[in-house]
Structure formats: structure tokens, C-alpha cells
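What follows is one structure encoded as C-alpha cells, with my remarks underneath.
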Amino acid sequence: MVLNPVISKLSGKLVVLASASPRRLEILRNAGLRFEVVPSWFKETLDKGLFKAPHEYAVETAKQKALEVARRMPFKHLKTPNIVIGADTIVTVDGMILEKPVDKHDAYRMLSSLSGKEHSVFTGVAIVLCHEKENEEVDYQLIDFYEETKVKFADLSEDMLWEYINSGEPMDKAGGYGIQALGGMLVESVHGDFLNVVGFPLNHFCKQLDLIYNHCTSSLDPESASVRLSHSGTNTPSVLAQPPPHLPAQSSHSPSSSAKHNPSPSPRPNSPSAGDTHHTHGSPSCSPLHKVKRKDSESEVGQSSWMLLNSLSKRREDREAELQDSDHTTLPLITSRGQVKEHEDSEPKKEDFQQIIELLDGFKASKALFTASELCVFDLLHDRPGLDAAQVAQEIKASVKGTECLLDACVSLGLLKSKERTCQKPVYENADLAVRFLRTDAPFSLHGYIQHCNGTVWPLFSHLESAVREGTNQHEKAFGKKSEDVFQDTYYNSQEMKLRFMNAMNSIAKVTGKAVATAFDLSSFKTACDLGGCTGAMAYEFTKAHPGLSVTVFDLPAVVEMSEHFHPLQMDNRVSFLAGDFFKDELPKADLYILARILHDWPDEKVHILLSKVSDACTPGCAVLIAETMLDGQTPYSALQSLNMLAQTEGRERTESKYADMLSKHGFGNARVVHTMNFLDAFIAIKI
């Protein structure tokens, strides 16, 4: 079974993957599926104790991920997808569910528990079909299933365990290993779908698509909005056409043990038993889940429409108590944006108050990080772990009182760890975050970027109110002189400032470069030009990811002459440097032009000048790849980054659709975007 028989059915449809996993993205792209990536905001905090079997937890998580994106897109993105795909992969051994490790010790715990044993890898998949009607309503249908693969680990020695953990690979993998990479060395045998272990059961997914588009005859019934869907013994949101006086009694269902391999047809939604329908794992169920009206980018759920919210509770006892007291519960009203309306004079929720406090104190956390980095605290504790506050104070030439406050603040932020000693002062050492990102010599050190934030961004952001009022950058207020050209007047006006800025750009490029370089299949391109490529860190990531590609870094002479300070120990002769001004000089010829964190520095008129020059240098089939923080609500920091550009430059962050529109004016089309969830998003368009 392959995807080809149903690919034509998906032609022209907006297919969305509700996941930032590069492994799922690669699996589906290799299958020929065209889709957008919109990572889900659903917080994976479901109580595992509420599920009778591990696969139920994976399916429920996948379902919530897909539903969150399906409901968000019509209002945040102003477009309704046709299909949203959600997935969640877990590893289980000895009755325990293993997700992604939080640190190296957690990775060691997971991998030790797998050593010499057979374990199961479950991937739950949810497919949400969205049907936009003429009356601006959107009907949602849900299909979900799971796949299980058995994996046997070899007996692992301590040396092998720690060598693998120290490679860094386990940190973003369920169960702490990636079978498609170095983790494959740990595996003795696999029984079942290999791609399921990688992160997505492609074969089972294709069969479901075939059932949906070639065999599913069930249709949406506009009168069936009160159908309640239930899966794996858990209750999902229901839509009630009119607000009833009391909550209805809940029903629970146990999945059939043979449901995965023996599909049976689901009852029609308006059949007598539709309210008690269980969605089998092997066949799609075509029942409406939720109806929403779209109008002026708002959600209208009807003047008297109410929703019964039956979310999983944190404690089983709370859940049972809620069911017992359901006859006395008042249904919450859903606002036009899908939020539960609270009374303004009601007692504030603890979590809401905590969120506001975190926002109020956010600048203190930033400055504590900046100060500790400026004083080289993380480098000191890397070289000499286990110092107390007085010893640290002596080394950084600061007061004991101030140093103690700073160290404790860093502990509270998860940057340091403290160890209490009997009748002695506590001692400090770096936490994993500091080891990986805050040491100056760490492979992915952000020390340079932190210095830039502290020395340049912080003073500028202190004048944000003026920036908002005036709509201009704040260099004159922050540094005492007006800046006509931010780069020449500020970042490059001295060797010290230039090195600090280049170090900052180098830090960000090293951390984000791999995600950008691997976002798309670039095998058809042989030459690339990284415009404003600074130290070449991004270019080196592109040549590492694409062996057949050579990259020319094109930047100002003042930058190119300093780039040798940042060259890697092992030089790559496929990366070269050329001095020039991309606004004034002729651009080097290339198949692919890379613009990483460049366009956000400039206003629209200058961006059009640059894109026009790129277009003139391109022939049909060439491409431009933009790496920026897209203002599409994918990441919580995207809007903050836009404020950052307001205070710093004459430019701005832009949306994916804005970039597509700008590029279309210069002959570029077939635009695609990947939200990497790694600070920068990747956008590519082809010269037509």
C-alpha cells in the first residue's frame, strides 16, 4: 500500500501537519505528500494514570494536538485546513511510558531500563477533516488509530550508554533514542513498522487515507451536532445545540482488543447508538466533532450555543467527583474566540495570577542571566564546580552578598544547581542548560548573543515606549547619537562592537543553522549565495547538510575581513567569502540565495530593492530561501521579536503570506514554509 492511489484526492487541499518533528516531516515529504507545518500549542500534560493502556495516552495526545491546530487556524491564520494530522510517539517498558528525557540523567534512566529488553513503541495518529460550509460554519471529523512496534535492545555497557548520551541525540527523542541515527547501534531487532519507531506509521496512515477517500460513504449530518465522541475511556468535547438545564450523564467505553487489526464500520452519527460510538483503530469514523461559524475572523458558535468541556482532570478522584456533581454544574459560555467567559469579579485563578507575575518579573530573569554571563559565572563553575558563594565572589571580584543573590537566582531559573552540605554553605555547579548553551566554549554557546542582548538590545528595549510612540529605532536615546545606518553607525563603528555583533550572529546561526539547512530538500541546487552571511556559520551548516552544495558568503568588507576569527577548526573548501554590498554591488551567481535574518532589518521598500536584485540574478528554477521569525503565531516569541526590530532597526518581522506576496512581485512562486520551532522559520520560493 503506497500513497499514490490517494495523492490525487489530496491535490489542491490544504494539508497541515500539527507537529514540528523533523522526522515526521521527512517521512511524509518522502511519501510525496504536500503539506504545511503548524506545530500544536497543546501542552502534553495529560495524566497518564487515567489511561488503561499506553496506546490510549498516545492517541489522546495526538487527537488533542490535531484538534488544537484545526480550531486555531481559521482565526489565527485566517484559513481553514482541509486535513490536520496529529501524532504522538511514546516508548513503553515494564508498564512505564517513556517520553523525551529532560536531562542526561533522565536519558540514562530511560536507556538503562531498555538495555537488554524488548519494549514497545506506540504512535497515536489523529486525522481531523475540516469541512467549510456556505454559511461560514466549519464541521470537524475525527479519525484516530495507533501502531505498535516491538524493539529489542542489546545489552548496553556503561561506556556505550554515556557515549551515546553525550552525543546529545537522546534529548529530543521519545525513550531517549533515535533508531534512524546513532541510536540504531543500540537496537538488536525490530518487529513491526520501522518508520513507526522513527515517529510516524506511514503504511497504516496510507491505509487510513485510502479508507477515507475511497471507501468511506458516511456523510455529515447537520442535525447531529449533539453527538458526543468517546475514545479509550476518555471524554472529548461535545457540542450541544441548545444549553440544557443539567449536564448529561457521562458514558465510558473500553476499546476492543482486536480493534487495531479487525476494523468494523462505525454507526452513522444519527443512528440510535451514535452517541455511544467507539472509534476503532483500523477504520475511519465519519462523525462531526465540532461546528464553528467564521465571520470577520471571529468564531460565532451561535447565540445560544453551549459547549460541554470534559477535559481530563489531573486526579482520578477529581474526575469522579465532577461526574457525581454534574447535575449541579453550570455550563460555561464560549466566547467568540472559543474561550470560556469568566466573571470579572470572580476570584482570580492561581495559574492566571502566576502568569501575570512571571510577565512582570520576566525582565529580572533576563538581567540575571545577562549578569551571570557577563561575570563568566558559568565558565568558572565549568572549570571549578562545587564552589560556594564566597569562593565565586572572590573569583569574579564581586560582593559575597550580591554573588549569593545572583547564584540563587540562577538556581531558581534552572541555570545552576546547588548542593546543601551539613553545617556548611551550599556549593554550586552548572545545570544542563548552562553546560550546553552558556559556557563560552560550548559547541552551541549563546554567550555571544547574550552579550549582544545585554550591551545593545537591553538599552534599546529600555526605550520601548518611545519606540512605540514614534515608530522608530531608539539608538539616539540609548547611545546618544542618531543612527542613519544601524550597521555602519552602531554595530561596525569599532572593532569591539563589530566582534561582539558578529559573535552574536555566529551564536544564533550555530544553534539554528541545522534546522534551517535541513528544512527542505535542496539536492537539486549546486551553488548557493548566503547574502549577509556574516561569519559563515549558516553556510557551513548548509554544506554539512548537503554534500553537493557549495556556498559563497557575500557580506560587507568590514565583516569579511574579520570572518577568519570564526572559521571552524576543520575548514570546508566548499564555503568561500566575497566582500561586497548587496544593495550596491552585483550579486554572485548562484542556484539558491539564502537570506537568514536579513530582511527583518529593512523596511519594505529596501526589501523590494534587494529581492529585485536577487530576481535579476536568478534563472527559472533558482530559489530564494528566507530564514526569519514568521509572525504567524507559531511561536510565543515571534511578536516579541517584532518589538525587538522596532526598537533596533528600521525593519520589521513579517508574516509568511507577506513574504509570499513580496516575492510574487519579483517572479517567485511555489512558496513553502517550515516552522522549525528553533527560533527561525524557513521559507522557500522558486523563480518561475
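The values are calculated or read from the model by the stated rules, or taken from the named source; none is laboratory data. Predicted model, so just to flag it, every value in this text is computed and none were measured. Quick reminder, even Gly has a Cβ in these numbers, built from the backbone with ideal geometry, and neighbours come from all protein chains shown. These area figures cover heavy atoms from the full protein model, side chains too; ligands, DNA and RNA do not enter into them. Shrake-Rupley method; radii C 1.70, N 1.55, O 1.52, S 1.80 Å.
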Condition met for residue 621 (part of a strand (DSSP E or B), within 30 Å of residue 24 (Cα to Cα) and either at pLDDT 90 or above or charged (D, E, K, R) (or both)): no
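Just name the residue that is surrounded by the most Cβ atoms within 10 Å (Cβ to Cβ) out of those in the range 94-121 that are polar (S, T, N, Q) and in contact (Cβ under 8 Å) with a residue 24 or more places away in the chain. Give the derivation first.
As a first pass, look at the range 94-121 and keep what is polar (S, T, N, Q): 112-113, 115, 120.
Retained after the next criterion (residues that are in contact (Cβ under 8 Å) with a residue 24 or more places away in the chain): 112, 115, 120.
Values: 112: 13, 115: 15, 120: 17.
My answer is 120.
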Whichever residue in the range 154-167 is in contact with a helix residue (DSSP H, G or I) (Cβ under 8 Å, 6 or more places away or on another chain) and surrounded by fewer than 21 Cβ atoms within 10 Å (Cβ to Cβ) and, among such residues, is nearest to residue 120 (Cα to Cα): 154
Residue, nearest to residue 205 (Cα to Cα), within the range 122-136, restricted to residues that are outside any strand (DSSP E or B) and either in contact (Cβ under 8 Å) with a residue 60 or more places away in the chain or of a type outside the set (D, E, K, R) (or both): 136
Breaking point among (1) open to solvent by 60 Å² or more (accessible area, probe 1.4 Å); (2) polar (S, T, N, Q); (3) within 25 Å of residue 558 (Cα to Cα), for residue 454: (1)
Residues (closer than 18 Å to residue 421 by Cα, free of Cβ contacts under 8 Å to residues at least 40 places away in the same chain and not in a helix (DSSP H, G or I)) located in the range 381-405: 384
Residue 358 vs. criteria closer than 30 Å to residue 538 by Cβ, charged (D, E, K, R), under 35 Å from the mean Cα position of the chain (by Cα) and open to solvent by 70 Å² or more (accessible area, probe 1.4 Å): no
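Yes or no, residue by residue, for (1) touching an Asp or Glu at 6+ places or on another chain (Cβ under 8 Å); (2) in a strand (DSSP E or B); (3) small (Gly, Ala, Ser):
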position: 107; (1), (2), (3): no, no, yes
position: 113; (1), (2), (3): yes, no, yes
position: 120; (1), (2), (3): yes, yes, yes
position: 138; (1), (2), (3): yes, yes, no
position: 141; (1), (2), (3): no, yes, no
position: 146; (1), (2), (3): no, yes, no
position: 150; (1), (2), (3): yes, yes, no
position: 159; (1), (2), (3): no, no, no
position: 170; (1), (2), (3): no, no, no
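Just checking, does the range 654-674 include any residue being within 21 Å of residue 79 (Cα to Cα), in contact with a Ser or Thr (Cβ under 6 Å, 6 or more places away or on another chain) and open to solvent by less than 10 Å² (accessible area, probe 1.4 Å)? Show your work before the answer.
Our first condition is that a residue be within 21 Å of residue 79 (Cα to Cα); within the range 654-674, this holds for 654-664, 669-674.
Going one step further and asking which of them are in contact with a Ser or Thr (Cβ under 6 Å, 6 or more places away or on another chain), we end up with none.
Looking through the range 654-674, none of the residues is within 21 Å of residue 79 (Cα to Cα), in contact with a Ser or Thr (Cβ under 6 Å, 6 or more places away or on another chain) and open to solvent by less than 10 Å² (accessible area, probe 1.4 Å).
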Flag if residue 547 is loosely packed, with under 14 Cβ neighbours inside 10 Å and in a loop (DSSP other than H, G, I, E, B): yes
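I'd like to know if the range 593-611 contains one or more residues that are outside any helix (DSSP H, G or I) and open to solvent by 40 Å² or more (accessible area, probe 1.4 Å).
No, the range 593-611 contains no residue that is outside any helix (DSSP H, G or I) and open to solvent by 40 Å² or more (accessible area, probe 1.4 Å).
Could you grab me the full set of residues in the range 37-86 that are of a type in the set (Ser, Thr, Tyr) and either closer than 22 Å to residue 657 by Cα or open to solvent by less than 40 Å² (accessible area, probe 1.4 Å) (or both)?
Just the residues of the range 37-86 that are of a type in the set (Ser, Thr, Tyr), to begin with: 40, 45, 57, 61, 80.
Scanning the range 37-86 gives 40, 57, 61, 80.
Given the criterion at pLDDT 95 or above and assigned to a loop (DSSP other than H, G, I, E, B), identify the matching residue among 577, 554, 582.
Details: 577 fails: assigned to a loop (DSSP other than H, G, I, E, B); 554 fails: assigned to a loop (DSSP other than H, G, I, E, B).
The conditions single out 582.
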Of all residues in the range 645-666 being outside any helix (DSSP H, G or I) and over 20 Å from the mean Cα position of the chain (by Cα), the one that is nearest to residue 479 (Cα to Cα): 649
Residues (over 19 Å from residue 590 (Cβ atoms) and in contact with a strand residue (DSSP E or B) (Cβ under 8 Å, 6 or more places away or on another chain)) located in the range 603-622: none
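Does residue 643 satisfy being under 22 Å from residue 463 (Cα atoms) and either in contact with a strand residue (DSSP E or B) (Cβ under 6 Å, 6 or more places away or on another chain) or open to solvent by 20 Å² or more (accessible area, probe 1.4 Å) (or both)?
Numbers: under 22 Å from residue 463 (Cα atoms): yes; either in contact with a strand residue (DSSP E or B) (Cβ under 6 Å, 6 or more places away or on another chain) or open to solvent by 20 Å² or more (accessible area, probe 1.4 Å) (or both): yes.
Yes; evaluated as a whole, the condition is true for this residue.
When the residues of the range 624-669 are narrowed to those that are among the acidic types (Asp, Glu) and in contact with a Lys or Arg (Cβ under 9 Å, 6 or more places away or on another chain), which ends up modelled with the highest pLDDT? Steps first, please.
Residues of the range 624-669 among the acidic types (Asp, Glu): 628, 632, 650, 653, 656, 661.
If we keep only those that are in contact with a Lys or Arg (Cβ under 9 Å, 6 or more places away or on another chain) as well, we get 628, 632, 650.
On the way: 628: 93, 632: 71, 650: 85.
So, considering only residues that are among the acidic types (Asp, Glu) and in contact with a Lys or Arg (Cβ under 9 Å, 6 or more places away or on another chain), the one modelled with the highest pLDDT is 628.
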